[in-house]
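Heads up: the structure comes next, in structure tokens.
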Amino acid sequence: MNSDFSRLSDQCHQVLEACDKAREGALEQTRLLTRNAANAIRAVHRQEFTLAEQLLTEARAISDALKANLEPYPELYFSGYTQDSIKEYVEAQLTLDLIQGNPLPLPAELNVEVSTYLRGLSETIGELRRKCLDILRQGYSEEAERLLDLMDEIYALLVTVDYPDAVTHGLRRQTDLARGIIERTRADLTTSLRQECLQKAIVSLENKLEENGKE
């Protein structure tokens with residue numbers, strides 16, 4: 001083989017071998033990151049907040065490592081599977097903070113891309129609905145109203161992000177889905193409130209009838 005082509009072959013193989021090795025490592029990290037995020041969300045809904053925080057600390061370390069390790073390979077860092085796993089971490093972190101009433105961390109504080117952060121934020125709406133329904137099983141609560149207000153605020157932010165999908169990576173579709181989730185949750189809260197008012201009215205009427213019967 002011509003020496004020029006030989007050197008070219010060696011160089012190409014070295015570069016691609018290193019890229020493939022980075023890709024394999026990233027795939028393993030993204031799977032672990034997704035699993036930690038899912039477990040953290042599960043812990044939040046079980047009110048196991050200490051466990052959720054531990055899992056999110058681990059998830060943050062993995063997310064940061066992905067960004068550092070893939071810095072020489074932006075095509076891998078900005079690939080769908082990498083950013084999707086980071087989105088899951090963002091969703092889990094924001095779900096914990098929103099439910100606990102903590103200040104909302106900004107994208108730079110989580111060391112993530114803005115578009116990935118917004119997609120994670122949009123998916124917290126589904127988790128907030130899930131929490132609302134858990135609360136409503138015990139009856140109407142002002143905490144459920146607080147969560148609905150947060151859902152409205154998130155949606156109000158998302159609808160202002162009017163950029164092409166090439167920039168936001170599918171955020172518009174997630175925003176459209178979020179609107180339906182919020183409206184169903186609002187309907188559930190309204191039904192729960194009416195039921196509570198009706199129950200109070202029935203109890204009040206029963207008490208009055210008992211008092212009249214004693215006279």
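What to note about this one:
- The largest accessible area among CYS19, CYS12 belongs to the first residue in CYS12, CYS19, and the rest follow in falling order (1.4 Å probe, all chains).
- Seen against the Cα atoms of the chain and their longest principal axis, helix 142-158 is set at about 40 degrees.
- Counting only DSSP H runs of at least 4 residues, each contributing -39500 (n - 2.57), and dividing by the residue count of the chain, the helix-based mean residue ellipticity at 222 nm comes to -29000 deg cm²/dmol.
- Over the chain, accessible surface divided per residue gives 60 Å², non-protein components excluded, 1.4 Å probe.
- Surface share of carbon and sulfur [accessible, 1.4 angstrom probe, percent] for the chain: 53
- Among ASP20, ASP152, the order of accessible area from largest down is ASP20, ASP152, computed with a 1.4 Å probe on protein heavy atoms.
- Karplus 3J(HN,Hα) series, Hz, for segment 37-44 with 6.51 cos²θ - 1.76 cosθ + 1.60 (x for Gly, Pro): 5, 4, 5, 5, 5, 4, 5, 4
- Charge dipole of the chain about the Cα centre (unit charges at C-beta), most positive-ward option of VAL15, SER79, THR185: THR185
- Cα-centred dipole magnitude for the chain, charges only on beta-carbon of K, R (+1) and D, E (-1), debye, nearest 20: 420
- DSSP-loop trypsin sites (Lys or Arg not before Pro) across segment 91-151, with at most 13 other Cβ within 10 angstrom: ARG137
- Per-residue Karplus couplings for segment 20-33, computed as 6.51 cos²θ - 1.76 cosθ + 1.60 with θ equal to phi - 60°, are listed in order as 5, 5, 5, 5, 4, x, 5, 4, 5, 5, 5, 5, 5, 5 Hz, Gly and Pro entered as x.
- A simple rule links phi to the HN-Hα coupling: the Karplus curve 6.51 cos²θ - 1.76 cosθ + 1.60 with θ = phi - 60°, which for segment 61-68 gives 4, 5, 4, 5, 5, 4, 5, 6 Hz, with x for Gly and Pro.
- Summing charges over neighbours of ALA108, with a neighbour being any other residue whose Cβ is under 14 Å away from its Cβ, gives -1 when K and R count +1 and D and E count -1.
- Against the criterion of solvent-accessible heavy-atom surface with a 1.4 angstrom probe, SER122, SER9 sort, most first, into SER9, SER122.
The values are calculated or read from the model by the stated rules, or taken from the named source; none is laboratory data. None of the values given here were measured: they were computed from a predicted structure. Heads up, the Cβs are rebuilt from the backbone with ideal geometry, glycines too, and the neighbour counts pull from every protein chain shown. We work out accessible area using only protein heavy atoms, side chains counted, and drop any ligands, DNA or RNA first. Shrake-Rupley method; radii C 1.70, N 1.55, O 1.52, S 1.80 Å.
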